[in-house]
Each structure stands twice: as structure tokens, then as C-alpha cells.
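Have a look at the structure below before the remarks.
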Amino acid sequence: MARQDRLMRLLAALRRLPSPVTAERLAAETEISQRQLYRDIATLRAGGALIDGAAGYGYTLTEDPALPPQSFSRLETEALMLAVGSLDELGDERLARAGRDALARIIATLPDRQARQAMHAIMRSWRPAKERPDIAVDLDLLRQACWDEVSVRIAYRDRQDRRSTREIFPLGLSYSPTTLMLVAWCLLREDYRTFEVARIESLDAGETSFRPRRVELLRRYKALRMAEWRERDAAERRKGPPAADGPTS
């Protein structure tokens with residue numbers, strides 16, 4: 001592994017793993033010996049990275065302006081380019097533009113060699129965007145409500161054309177290949193509901209805060225969905241494989 005790539009992986013591990021992180025764990029994450037790890041820690045410190053701790057106690061990276069300039073491996077740069085390019089397929093122009101703007105700022109901070117690599121990335125997402133239903137409500141307001149953890153009031157029309165109005169806690173947005181879904185806690189039903197955002201006919205800001213319940217509500221939602229999927233898979237396995245139509249050659 002090239003020295004620069006090795007140091008970048010070490011910085012990434014220090015940022016990602018819960019602090020303080022032991023030398024043993026860091027060495028395993030970066031696939032180097034602990035002896036090499038100590039040398040790399042010293043190199044990063046000499047370059048201006050503020051890394052607290054020592055062997056036997058664990059290390060903590062202090063984010064600081066003194067850190068070396070932002071840097072990525074070539075594959076990491078390609079992954080960022082591919083991910084941002086794929087945003088066009090979601091039909092959310094503001095989100096796609098935000099991704100392009102963020103990527104441009106990231107590339108502007110890279111060393112010249114890596115910036116040139118970004119310009120000549122070999123990976124692209126060429127899939128044409130599928131036709132998606134139009135969204136009538138203000139997505140910015142909906143995103144802000146998710147971030148701020150405050151309720152919204154919606155008028156909704158389901159697939160059977162039944163209309164309802166309700167106040168919900170918006171927990172998160174999910175982009176499927178064909179539509180945008182909203183996961184929410186419905187105050188009317190006192191239960192989880194998913195809504196197709198394109199079927200929301202009106203959206204207004206509410207006044208009920210659900211902070212700090214969002215994390216726990218999402219955790220429970222995920223656990224419920226996982227249990228449902230496991231039960232469905234178990235039922236499919238109990239059915240067994242479909243009967244063959246006849247002998248094949």
C-alpha cells in the first residue's frame with residue numbers, strides 16, 4: 001500500500017471509529033502492523049494533525065485547522081463522483097445541485113494531482129432517469145422539518161383516492177427508483193406510516209417538537225421492518241422451491 005494512501009486510511013479510521021480507539025483496532029482497520037501504525041501516527045503528528053493519546057490508552061483525532069489538506073485516494077474520489085452523478089436519477093434537482101456544489105468545493109481543496117484525477121474519473125452512471133411523479137409540496141420545508149424534528153400537517157390522497165388530513169412527525173425520506181417516500185409517525189393513528197410524497201396534496205409546518213425522539217422512533221421502525229422481512233423470508237423458505245414443470249435436458 002502506498003504511503004499516502006495508508007496515511008489517508010488511518011485518518012479516515014480515526015475520524016470514523018469511536019474515540020479513543022486502540023492501536024490494535026487501528027492496525028486491524030488499516031491492515032498494517034502496530035509497529036507501522038506508531039510510525040504513521042508520528043508522521044501525521046509531524047504534519048500537523050492533532051492526535052491525542054498514546055500506545056496502551058488509545059488515540060483521538062482532534063479536528064483542527066492544523067490538519068493536513070483534504071486528501072482522498074483515487075478510488076475514494078471516483079466513489080464520490082459516481083455517487084453525486086447518480087443523484088440526477090432521483091428527480092430532485094435541488095438535491096442534485098447541492099451534491100454538485102459540494103463536490104466542486106471538495107475538489108477545489110484537493111492537491112493538483114488528485115484534482116486532475118477527479119476531472120478524468122473513469123466511473124460514470126449513465127442510466128437514464130426513470131419518469132417520476134411530480135411533487136406538488138415544498139420539499140425544502142419537508143426536509144427542514146425532518147432536520148428540526150418538528151411536526152408537519154399534510155393533506156394526503158392514497159392509492160384508493162381516499163383523502164385524509166393529519167399531523168405527523170417526519171422521520172426521514174427514502175428515494176426509491178420510481179418515487180420519493182416519507183417515513184413518519186402519524187399522530188392520528190399513533191403508529192408508523194409511509195407516504196408517497198407525490199400524493200401529499202398540501203403541507204404546512206406544525207408546532208409539535210419530537211426532539212429527541214427521532215432516533216428512537218427510527219430505530220424501532222427499522223427493527224419492525226427487519227422483523228417483517230425475516231418473517232416473510234422464513235415463510236418463503238417454508239413454501240419450498242416451486243415445482244418443476246418437467247424434466248429438463
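What follows draws every value from the coordinates through simple rules; no lab data is involved. Keep in mind that what you see is a predicted model, and the values were worked out from it rather than measured. Cβ placement follows ideal geometry from the backbone for every residue including glycine, while neighbour counts extend to all protein chains displayed.
Nearest 0.05, what FRET efficiency do Ala205 and Asp158 give at R0 = 25 Å with Cβ-Cβ as r?
Calculated transfer efficiency: 0.65.
Once amide H atoms are placed 1.01 Å from N in the peptide plane, what residues at a sequence separation of 5 or more from Glu201, or on another chain, have their amide H within under 5 Å of its amide H?
Long-range HN contacts for Glu201: Ala155, Tyr156, Arg157.
Grab every C-alpha pair in segment 20-116, bin the distances at 10 angstrom width from 0 up to the longest one, and report whole percents.
The distribution over segment 20-116 is 14, 31, 30, 20, 6, 0, given as percents.
Express the relative contact order of segment 92-171 as a whole percentage, based on alpha carbon pairs under 8 Å and six or more residues apart in sequence.
About 18 percent, as a whole number.
Go through (i) 29, 18, 16; (ii) 34, 20, 13; (iii) 41, 26, 23 and flag the label whose value is the computed semi-axes √(5λ) of the Cα gyration tensor in Å for this structure.
Given (i) 29, 18, 16; (ii) 34, 20, 13; (iii) 41, 26, 23, the calculated one carries the label (iii).
Suppose a student asked you for the relative contact order of the chain, using Cα pairs under 8 Å spaced at least 6 residues apart; what percent would you report?
12 percent
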